[in-house]
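Following: one structure in structure tokens, then a few remarks.
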Amino acid sequence: MSGPERYRLLASAVVPRPIAWVVTCTPDGTVNAAPYSFFNIFGADRPVLALGILARPDIPKDTATNIQATGEFVVNLVPFDLAEAMNITCIDAPPDVDEVELAGLVTVPSHAVRPPRIAASPVGFECRVMHVLETGPGQLLVVGEILHAHFAQDVLTGPAEHPRIDVRALDLIARMHGPSAYLRSRDMFDLPRPIWGETRARHSPTEQKE
């Protein structure tokens, strides 16, 4: 199968996928923003996340070029209210175009890295590159350490010393199959994790032996 054919099957099977709205800067300071759905958190101590950046047929993607040049990036999460703005930043604009400005977004300075955060995003992660692995021609796996994590006050709940996230207040969207298919994270259910001691007690010694 060709690469695009494999992508169609793989990306349609692993769903829903969270969206990393990645903001980077060129060495001269031009801001770039683009969404990526090959993304997740991969550790908490140290806190790390990873991005998969696919190849583009002609030239490397601006995000990949900027990350490799500067070693910094910011991941913003995408709520339903920002879906249209996020979609605008998917545009195939040349490197000198500021997609953040094109989408009418406001940014705020980051604490430890040069790329700014998207002010309206409920969660932002300032990241410094730990590893960049080329997994195919022009295809990269980027592992970044989270230096600072920012959360909007209205998505936090519980006491200030031990806050939790109100996931319904986040109202995030995720990628599904196809280039224009998305999911709103509203349909949730609880499934408590089993505990071995309680599970074992429900079975007789004969059943355990068998």
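Hey, V155 hits all of (1) among the β-branched types (V, I, T); (2) open to solvent by less than 70 Å² (accessible area, probe 1.4 Å); (3) under 27 Å from A13 (Cα atoms) but one; which does it fall short on?
(3) is the only condition that V155 fails.
Has segment 13-26 got any residue that is more than 16 Å from L133 (Cα to Cα) and touching a His at 6+ places or on another chain (Cβ under 9 Å)? Break it down into steps so the answer makes sense when it comes.
Taking segment 13-26 and keeping what is more than 16 Å from L133 (Cα to Cα), we get 13-26.
Those left that are additionally touching a His at 6+ places or on another chain (Cβ under 9 Å): 13, 15.
Within segment 13-26 (the criterion being more than 16 Å from L133 (Cα to Cα) and touching a His at 6+ places or on another chain (Cβ under 9 Å)), the answer is yes, since at least one residue qualifies.
Looking at G178 and the list (1) on the phi > 0 side of the Ramachandran plot; (2) at pLDDT 90 or above; (3) not β-branched (V, I, T), which single condition is not satisfied?
The number of the failed condition is (2).
Give segment 158-180 a look and list any residue that's of a type in the set (G, A, S) and surrounded by 12 or more Cβ atoms within 10 Å (Cβ to Cβ), or say none.
Residues satisfying the conditions are A169, A174.
Scan segment 133-155 and report the pairs whose first residue is farther than 13 Å from L51 by Cβ and whose second residue is open to solvent by less than 70 Å² (accessible area, probe 1.4 Å) and part of a helix (DSSP H, G or I), with Cβ atoms within less than 7 Å and a gap of 6+ or a chain change.
D154/A169; V155/A169; V155/L170
Could you list all residues from segment 181-190 that are surrounded by 14 or more Cβ atoms within 10 Å (Cβ to Cβ) and in a strand (DSSP E or B)?
Y182, L183 - these are the residues of segment 181-190 that are surrounded by 14 or more Cβ atoms within 10 Å (Cβ to Cβ) and in a strand (DSSP E or B).
For segment 123-144, check the following and say yes or no: at least one residue is modelled with pLDDT under 95, exposed (fewer than 10 other Cβ atoms within 10 Å of the Cβ) and not charged (D, E, K, R).
Yes.
Counting only residues that are under 12 Å from P79 (Cα atoms), touching a helix residue (DSSP H, G or I) at 6+ places or on another chain (Cβ under 8 Å) and part of a strand (DSSP E or B), how many does segment 151-174 have?
Count: 2.
Of (1) without any contact (Cβ under 8 Å) to a residue 60 or more places away in the chain; (2) in a strand (DSSP E or B); (3) more than 30 Å from A69 (Cβ to Cβ), G197 satisfies all except one. Which?
Just one mismatch for G197, condition (2).
Spot the failing condition for S110; the list is (1) touching a helix residue (DSSP H, G or I) at 6+ places or on another chain (Cβ under 9 Å); (2) surrounded by 14 or more Cβ atoms within 10 Å (Cβ to Cβ); (3) part of a loop (DSSP other than H, G, I, E, B), and only one is missed.
Against the list (1) touching a helix residue (DSSP H, G or I) at 6+ places or on another chain (Cβ under 9 Å); (2) surrounded by 14 or more Cβ atoms within 10 Å (Cβ to Cβ); (3) part of a loop (DSSP other than H, G, I, E, B), S110 comes up short only on (1).
Can you find a residue that is part of a strand (DSSP E or B), free of Cβ contacts under 8 Å to residues at least 60 places away in the same chain and open to solvent by 40 Å² or more (accessible area, probe 1.4 Å) anywhere in segment 98-105?
Within segment 98-105 (the criterion being part of a strand (DSSP E or B), free of Cβ contacts under 8 Å to residues at least 60 places away in the same chain and open to solvent by 40 Å² or more (accessible area, probe 1.4 Å)), the answer is no, since none of the residues qualifies.
The values are calculated or read from the model by the stated rules, or taken from the named source; none is laboratory data. Please read these numbers as outputs of a predicted model, since none were measured by experiment. Please note: Cβ atoms are built from the backbone with ideal geometry, for glycine as well, and neighbour counts cover all protein chains shown. These area figures cover heavy atoms from the full protein model, side chains too; ligands, DNA and RNA do not enter into them. Shrake-Rupley method; radii C 1.70, N 1.55, O 1.52, S 1.80 Å.
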